[in-house]
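The values are calculated or read from the model by the stated rules, or taken from the named source; none is laboratory data. Nothing here was measured: the structure is a model prediction, and the numbers come from that model. Please note: Cβ atoms are built from the backbone with ideal geometry, for glycine as well, and neighbour counts cover all protein chains shown.
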Amino acid sequence: MRRWIEPQEVHVPQALQSAVGGHPLVAQTLVRRGLTEPDAARSFLHPDFYQPAPASDLPNLIRATERLERAITQGEEICVWGDFDVDGQTATTLLWSTLRELGASVRYHIPVRATESHGVNLPVLRKLIADGVRLFLTCDTGITAHEAVRYAQEAGIDIIITDHHDLPESLPDAWAVVNPKMLARGHPLRELPGVGCAYKLVEELYERGGRPGDATQYLDLVALGIVADVAVQTGDTRYLLQRGLGALRQARRSGLQAVMEKAEVNPARLTEEHIGYYLAPRLNALGRLANANSAVELLTTDDPSRAWILAVELEGLNARRKLLSDQVFEAAVEQVERDPSLVAGGALVLSHPAWPPGVVGIVASRLVERYGLPTVLIAEPAGELARGSARSVPGCNITAAISAHAEMLEGFGGHPMAAGLAMEASRIAEFRRALGGTVSEMLKGIEDGMGLPIAAYVPLSELSLDLVEQLERLAPFGPGNPSPTLATKDLHLVGQSGVGRKGEHLQLLVEDGMGRQAKVIWWQGVNWSLPEGRFDLAYVVRASDYHGQPEVQIEWVDARPVVTEVVTAVVAPGVDVVDYRARPNARQLLEQLRSQDGLQVWAEAGAKTEVGGLYRDELEPSKKLAIWTTPPYSTELREALRKVSPETVYVFGINPGLDRPQRFLERLSGLIKRALTASEGRVTLEMLAAATGHRESAVRLGL
């Protein structure tokens, strides 16, 4: 359970509400996200009102454009060098198609993951130069290609780098380096992915060629890359995605038509969710398990028959990708279960000789969801460098954390939330310890998951397609613009069933106090405990067209027990129960209550020291009891109330913040060490349970 951030009242200017219209929650969400002016809100909601930044704002873009124009005029052989993920595939397709249309002599090369890995591979570069290439144009790669650039320069060959990955300490001495990360924070172009950077270059080429607007034919490719690369949706990135989704719904490319048909995606109703969960995984399967160069053919062919053949091949690769991902995931979980200390070190770093390098990134993302830790999964084939993929959590720049230990690595690169690395297998254990320490320092003081902001409490009776359609005006959703999280109070579970190929998801039926019921889908929920008794549910809503029938789809985000109901059920008759859980000024309220005679504060884990409370074994009879932290279970609550016998109970229900395995084990380990040094090793299960805010059975398992 995460710490819920209760919805705060916001002042919505009348001018903003009038400009936005519709459900008040839309305008409230805009205000919470810093959009208080009508013009800013309109440009956020409607791309027609947005003024995109000029391509020339990107440093060195004009120099790159001029060099490409010279190469086209002089008939120099150009090679577009891409990357094998969807961002790289779409950027390669976009640049190759544009240059070919402008009359260039151009070819493309996307590295094969199994033999070349990321970046500009020197042996392949030599071969292409020997084959007549006189200008290289990279996309979604190259920002750390110092050696390749030096070799090309010595051979009299120019390289233009377009990339978006984090900048190294020194840039390659290329003809031009175009990277949005060179812009100031807050610039509308700064969050562009590789295909977005390539698009701005193409936009300038067409503009200078007297064909303004022709670049828009590639907006569908830009949308694919933005979502697949999990780019932050702000400024021009959001604008290009909005426009690109509109283009994708037209499905003009034969290859994408075929892929959508195989994936059972209705183009007319396509959203960013369909890209993320259906289209991107299929395209990524090419780069992960085969040769991503065929993606360019898929995305450019005009032959429906050829498109269908390629889409069928893609479907087979995607099925294999799912199988391998499941196998690696199960093996990774088994490693953690055998050695729980792996999740007690700040970051989860796992490795295995048999893991396919192409799927470790996918599995790392799943492990982040399961354990709440920055995760690095490493494939270590015998006789070769070990190569891994990292995924992170909010508040931890995983690339920066990895770079702090560059001396242990043969190479690395990435973004704040994802990275790749290569190293000698013999250094994995050392790297695990070092990275764990760095990540722990980064996350120090950051609350679990940084809290879960609740946009509004909504009764089940008000969940309708109309509400969903209103909220979807804020779409597309993703990093920088998350879907609003709603919540409904006081539900109980009526039924459950497993869904998915392996029953890994849960279809739940919940009911409120009025007898209204609703279906809830909990993705990957099979490994989590279901709430007992009554609970509050946090969720997001979407419109589903399952079997062609539009309906509201409720997706589980989090749940918390209805503490006041449990308290009321176990207190003696006549005891007053006061619910302070939803109050924003909880600490201030507690201090006001302290002025009253006979008040005890029950607070566990680290909260005991913070608020000057008492552990469960320290409670004594008293007229008033403030329950500051959420009790671990009704048994502990009942025992505490029996000991105190209060006349009034104040329920705050603050999450102790030790639900994640890493935090729980870190706290438990620290308590044991302290007991060994300060208490001569004498400590009880009850003391440890209170100091962690858990049940004694959980402490026993942790030990």
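Among the numbered conditions (1) in a helix (DSSP H, G or I); (2) touching a Ser or Thr at 6+ places or on another chain (Cβ under 9 Å); (3) among the aliphatic types (A, V, I, L, M), the only one that VAL177 does not meet is (1).
Every condition in (1) at pLDDT 95 or above; (2) assigned by TED's automatic domain parsing to the domain that holds ARG638 is met by SER483 except one, and the failing one is (2). Where helices (runs of 4 or more DSSP H) fall wholly inside the stretch 197-295, the ranges with 2 or more residues that are within 23 Å of the chain's Cα centre (by Cα) and over 29 Å from GLY119 (Cβ atoms) are 236-248. Only one of the numbered conditions (1) among the aliphatic types (A, V, I, L, M); (2) modelled with pLDDT of 95 or more; (3) surrounded by fewer than 23 Cβ atoms within 10 Å (Cβ to Cβ) is not met by ALA268, and that is (2).
On inspection, GLN600 fails the criterion of being assigned to a loop (DSSP other than H, G, I, E, B), without any contact (Cβ under 8 Å) to a residue 60 or more places away in the chain and either of a type outside the set (Gly, Ala, Ser) or buried (at least 20 other Cβ atoms within 10 Å of the Cβ) (or both). Evaluated against (1) surrounded by fewer than 21 Cβ atoms within 10 Å (Cβ to Cβ); (2) more than 24 Å from THR141 (Cα to Cα), PHE44 falls short on exactly one condition, (1). The set of residues in the stretch 385-429 that are closer than 23 Å to PHE329 by Cβ and of a type in the set (D, E, K, R) comprises ARG387, ARG391.
Of everything in the stretch 319-353, what is outside any helix (DSSP H, G or I) and either at pLDDT 95 or above or under 16 Å from ILE398 (Cα atoms) (or both)? Give them in sequence order. GLY345, GLY346, ALA347, LEU348, VAL349, LEU350, SER351, HIS352, PRO353, listed by residue number. In the stretch 233-263, the residue that is surrounded by the fewest Cβ atoms within 10 Å (Cβ to Cβ) out of those that are of a type in the set (A, V, I, L, M, F, W, C) and within 16 Å of TYR199 (Cβ to Cβ) is ALA247. Whenever a residue of the stretch 414-427 is crowded, with 21+ Cβ neighbours inside 10 Å, its partners that are assigned to a strand (DSSP E or B) and among the hydroxyl-bearing types (Ser, Thr, Tyr), lying with C-beta atoms within less than 7 angstrom and at least six residues away or across chains, give the pairs GLY420/SER389.
Filtered by the rule that a residue be surrounded by 19 or more Cβ atoms within 10 Å (Cβ to Cβ), within 33 Å of the chain's Cα centre (by Cα) and of a type in the set (Gly, Ala, Ser), the stretch 147-172 gives a lone residue, ALA148. Taken together, ALA626, ALA640, ALA698, ALA605 contain a single residue that is hydrophobic (A, V, I, L, M, F, W, C) and more than 22 Å from TYR580 (Cα to Cα), which is ALA698.
Would you check which residues across the stretch 173-185 are farther than 30 Å from GLY480 by Cα and crowded, with 18+ Cβ neighbours inside 10 Å and list them?
Residues satisfying the conditions are ALA174, TRP175.
One residue stands out among those in the stretch 47-80 that are loosely packed, with under 15 Cβ neighbours inside 10 Å and hydroxyl-bearing (Ser, Thr, Tyr): the one that is farthest from GLU203 (Cα to Cα), which is THR73.
The residue that is farthest from SER464 (Cα to Cα), among those in the stretch 482-498 that are surrounded by 15 or more Cβ atoms within 10 Å (Cβ to Cβ) and of a type in the set (A, V, I, L, M), is LEU493. LYS624: crowded, with 19+ Cβ neighbours inside 10 Å, touching a residue at least 24 places away in the same chain (Cβ under 8 Å) and over 30 Å from PRO453 (Cβ atoms), yes or no? It is true that LYS624 is crowded, with 19+ Cβ neighbours inside 10 Å, touching a residue at least 24 places away in the same chain (Cβ under 8 Å) and over 30 Å from PRO453 (Cβ atoms).
When MET514 is tested against the conditions (1) surrounded by 12 or more Cβ atoms within 10 Å (Cβ to Cβ); (2) touching a Ser or Thr at 6+ places or on another chain (Cβ under 8 Å), the lone failure is (1). Checking each residue in the stretch 414-431 for being part of a helix (DSSP H, G or I) and either in contact with a helix residue (DSSP H, G or I) (Cβ under 8 Å, 6 or more places away or on another chain) or at pLDDT below 85 (or both) picks out ARG427, GLU430, PHE431. Restricting the stretch 157-174 to residues that are in contact with a Pro (Cβ under 9 Å, 6 or more places away or on another chain) and outside any loop (DSSP other than H, G, I, E, B), the residue that is nearest to ALA401 (Cα to Cα) is ILE161.
Note on the stretch 1-94: enclosed helices (runs of 4 or more DSSP H) holding 2 or more residues that are in contact (Cβ under 8 Å) with a residue 60 or more places away in the chain are 24-32, 38-45, 61-74. Picking from residues in the stretch 398-413 that are in a helix (DSSP H, G or I) and either surrounded by fewer than 19 Cβ atoms within 10 Å (Cβ to Cβ) or among the hydroxyl-bearing types (Ser, Thr, Tyr) (or both), the one that is nearest to the chain's Cα centre (by Cα) is THR399. For the condition more than 27 Å from LEU221 (Cβ to Cβ), modelled with pLDDT under 95, within 24 Å of the chain's Cα centre (by Cα) and not β-branched (Val, Ile, Thr), LEU367 qualifies. Of the residues VAL552, VAL571, VAL563, VAL577, the single one that is modelled with pLDDT of 90 or more and either of a type in the set (Val, Ile, Thr) or surrounded by fewer than 16 Cβ atoms within 10 Å (Cβ to Cβ) (or both) is VAL552.
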